[in-house]
Amino acid sequence: MATEALISWNAPEHFHVEKTPDWYWAVGIITLALAVVAFIFGSIITGIFILVAAVALVLHASRPPRIVYHEVNDRGLVIHDRLYPFLSLDSFWIPHDEFPPKIILKSRKLFMPFIIIFIDEIDPEEVREVMLRYIAETEHHEPFLKFVLERLGF
C-alpha cells in the first residue's frame, strides 16, 4: 500500500570533506606501522586485515557522497528506498545552530541507535512541523565517535 509523501527532499548521504595528500600520507604511514608491528609479532592475518581495511577505508572516504531521496510519510521516514517506521524510532532533534542542517533520529534498534540525515532544499522548520505529528522531539547530540571521525577527516 503506497502512501503519499508529506514532505520530501534530496540531500547528500554524508558530509564530504575533501582529502589533502597529507591525509593520505598519514593514513598510509599509520597503516604500514600497524601492519609491520603485526607481522613482527607473528600475526600475519591481523597484518593483512589491517592493510585490506585501510584500503577499503581510503576508497570509501575519498568517494563523494550520493544524493539521496528522503521523504516523510504517515508510516515513517523513507531514506533512498528504505522505510524507517515511526514505531521503530523514539524521538528526533533538529539542531538549530549547526550547518548543514540535519535531523538526529534516536532509534530503538540496538546496533543503530542514531540515524543522522541532512536536510537540503527545504526549510528545517517545515520538516520539524511534519515530524512533530508522529514522533516526540527530544534534544539529542551526535555520538562522540562520529565527532572524532569527522575531525580526522572521515
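None of the figures in this text is laboratory data; all of them are computed from the coordinates on show. The structure presented is a predicted model; accordingly, all values stated were derived computationally and were not measured. Neighbour counts run over all protein chains shown; Cβ positions are idealised from the backbone, glycine included.
Per-structure values
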item	result
Percentage relative contact order, the range 73-145, counting C-alpha pairs under 8 Å, at least six apart	29 percent
The range 56-128 - Kirkwood radius from inverse mean 1/r over Cα pairs (Å)	13.7 Å
The range 96-154 and the range 1-42: distance between their alpha carbon centers, rounded to Å	19 Å
Computed over the range 21-62: relative contact order in percent, which uses C-alpha pairs under 8 Å that are six or more apart	37 percent
Estimated [θ] at 222 nm from DSSP helical runs (n ≥ 4, -39500 (n - 2.57)) normalised by residues in the chain, nearest 500	-11500 deg cm²/dmol
The range 21-62 - Rg and Dmax from Cα coordinates, angstrom	10.6, 32
Residue order, fewest to most surrounding Cβ atoms within 10 angstrom, among Trp23, Trp93	Trp23, Trp93
For the chain, the longest site-free run once trypsin sites (Lys or Arg not before Pro) in DSSP loop states with at most 13 other Cβ atoms within 10 Å are removed	1-65
Antiparallel bridges, percent of DSSP beta bridges restricted to the chain (to nearest 5)	90 percent
Cα-based equivalent ellipsoid, the chain: semi-axes from gyration tensor eigenvalues, Å	37, 17, 14
Neighbour-limited loop hits for GluC sites (Glu not before Pro), the range 71-125 (at most 11 other Cβ within 10 Å; DSSP other than H, G, I, E, B)	Glu98, Glu121
Simple spin-label estimate for Glu98 and Ile40 in nanometres, 7 Å along Cα-Cβ	4.0 nm
Average Cα contact separation per residue, the chain, under 8 Å, 6 or more apart, as relative contact order %	26 percent
